[in-house]
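See below for the structure under consideration.
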Amino acid sequence: MKTGKQLTGILALLGVVALGGLAITDAFAALCVWRNPDADIKEYFGGGSYRTVLVKVGSKRAAIEKKIGVKLDADETELKFWPVIRGGKRVGTVASHLGKGDYGAVEVVIAIVDPADGPAKIKGVKIQRDRERYRSALRSAKFLDQFKGKTAKSVLEVGKDIKLAHPKAVRASKIVALSVKKMLVGYEQLGIARR
Amino acid sequence: MRTPTSVALVVPVVLMLAGVPALGDLSITGLEVLPRLDIRARGGSGPPETLRLMQSEINLRFSINKDDEELVSFALSPNFETGMQGRARQMHFSNYYSVWNFGVDKPKLKAGQFVVPFGAMADYDTHPLILQPPYARTLGLRLDRGVAVEGFRGDLDWAFSLTSGDGRGRADSSYAANLRVARDFEVGDDAYRVGLSLLHGEQMPVFATQPAPLPMAKMGLLGRADKDRLALDLDWLRGIDNIRAELTFGWDDGDFVHGQWLSWNHPFSYETELTLQADRWQARDGVSFGLGASLHHRLDDLSGIRVAYEPRWARPDWGGSNSAGLVTVQWYRNFALEW
């Protein structure tokens, strides 16, 4: 093994970090890519443009965790949103979240709107990728339409205001509900509407 | 890096920083800095036993916006050290590209150094994996420099790329032009993605038929050839199993070549998965084929280990045969930075 060269490679990596005054942490932002922005914007908002907003959870972590009822994953130090603009006016925001399903990641896309006369609410939810056994039930309108109109104050819990996608898809259904709740609460707590 | 990679990446940033009045509303958002370490121990019959730092890289992603609209996004992956050598190294390192956004419903322009959108590798990112699809044999390259236009029409995704055809910049006028179309289907709980790729390239690299999965330093170019390729690729989610396949055939300077690749991935849980694959390639100078098995286990959200075994065989036309059995153990860890 060329020990010298290997160590140089590792040290170079750490050096870049140190020069930037950065600190490596064990945290890894579970940032989920948004795979089909053009198609999703057209579906939810009839078209428009978007930009990326990456917001550190920071001091809002405790407040978010209290509202969603569980701790954020250790790797959720930042949340990603995409404000959508159409005709010079902000028409909504898209968020994506990666949850841990039974057999792989469950990637959820959430469209949020901010009506003038009320709190932010869900316009639509879709699954962009998953490895679950009951995929068609998880992606069905019957299951996903339950999230429409929900706000950060909604319970958003399977067994309470959300029914299972399939009797055997308990974990996957809960993952989707938690993803929606997490991003909606994060949207509110981090002031995404103003960003 | 040389033009057009440098131009594609540097010019817009310089213009913004220079404060050109017309571009004064530009901002940078979505900055992600994601270092990654990948260390592998390799042994078996054929190659010498090694313990190497395979990837010591930083993945940078950010966007430049004008007012509320994303104009361009960047993906840069500088790598500091790797045990890969020669053309294998060029096939893996590194992505350096920008994606220009002209509005929803309009095609996007990708410029820089990126994975050629041909066959299975258009959608299947194998950079961090041990087992690789057979791009080293079917095309002779994976990353290449140039431009691509990507869009969708109804349910059809399409991509057209025009690159150097050599996996790097080149001084002559040779090129590789590639068109791929792909479509998603759902049948019950199964999901399918089917792609069709057509490529024509001039003076593309050709490697000798040999058992190694990737051409390392000692395995130089056999030569160059004008290549025509047609590939059908399939990505099939059958319940929880992911089956991928690619059928490729074409001509190297008029000589018929063809091959097949099949991969099956089965997750036992979120943390543990098994991948099996088989491939065969009939080249002008012989036939090579191989099998692969890889077991992956996530240790936590940031790190994991993989163990893989790849027996491979090659039968050159000039006679004889040779084989290799590669055993690889990989440990990787991702990091994030806070400031």
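Only the coordinates and a few stated rules stand behind these numbers; no lab work does. Keep in mind that what you see is a predicted model, and the values were worked out from it rather than measured. Every residue, glycine among them, receives a Cβ derived from its backbone with ideal geometry; neighbour counts consider all protein chains shown.
Note on the range A:24-137: with charges restricted to the Cβ of Lys and Arg (+1) and Asp and Glu (-1), its dipole about the Cα centre is near 280 debye. Return the Rg/Rh value of the range B:37-193, two decimal places, where both radii are evaluated on C-alpha atoms and Rh is the Kirkwood radius. Using only Cα positions, Rg/Rh for the range B:37-193 is 1.01. Partner shielding of B:27-33 amounts to 4, given as the average count of beta-carbon atoms from other chains within 10 Å of each residue beta-carbon. Other protein chain C-beta atoms within 10 Å of residue C-beta, averaged over B:67-80: 3.
Inter-chain Cβ neighbour count for A:44-56, averaged per residue, equals 5 (cutoff 10 Å, partner chain atoms only). Backbone geometry of the range A:32-43 corresponds, through the Karplus equation with coefficients 6.51, -1.76 and 1.60 at θ = phi - 60°, to 3J(HN,Hα) couplings of 9, 5, 9, 7, 10, x, 5, 5, 6, 5, 5, 5 Hz, x marking Gly and Pro. Residue-normalised convex hull volume from the C-alpha trace of the range A:27-194: 110 Å³ per residue.
Taken about its Cα centre, the range B:5-334 carries a charge dipole of about 1080 debye when Lys and Arg each add +1 at the Cβ and Asp and Glu each add -1 at the Cβ. Temperature 4 °C, viscosity 1.567 mPa s: under these conditions the Stokes-Einstein estimate for the range B:220-339, based on its Kirkwood radius over C-alpha pairs, is 76 µm² per second. Start at zero, step by 5 Å, and the Cα-Cα distances of the range B:25-65 spread as 6, 18, 15, 12, 11, 10, 8, 7, 5, 5, 2, 1 percent across the bins.
Taking label points 7 Å from Cα along the Cα-to-Cβ direction, B:Leu230 and A:Lys66 give a separation of 6.5 nm. Cα extents for the range B:53-104 along the principal axes, largest to smallest and rounded to whole angstrom: 43, 17, 11. Once the convex hull of all Cα atoms in the protein assembly as shown is built, its volume per residue stands at 150 Å³. Sequence-distant contacts, meaning Cα pairs under 8 Å at least 6 residues apart, place the relative contact order of the range B:5-334 at 14 percent. Let's see if you can work this out: charge +1 on each Lys and Arg Cβ, -1 on each Asp and Glu Cβ, no other charges. What is the dipole magnitude of the range B:50-98 about its Cα centre, in debye to the nearest 20? Value, rounded to 20: 460 debye. Taking only the C-alpha atoms of chain B, Rg followed by Dmax gives 20.5, 68 Å.
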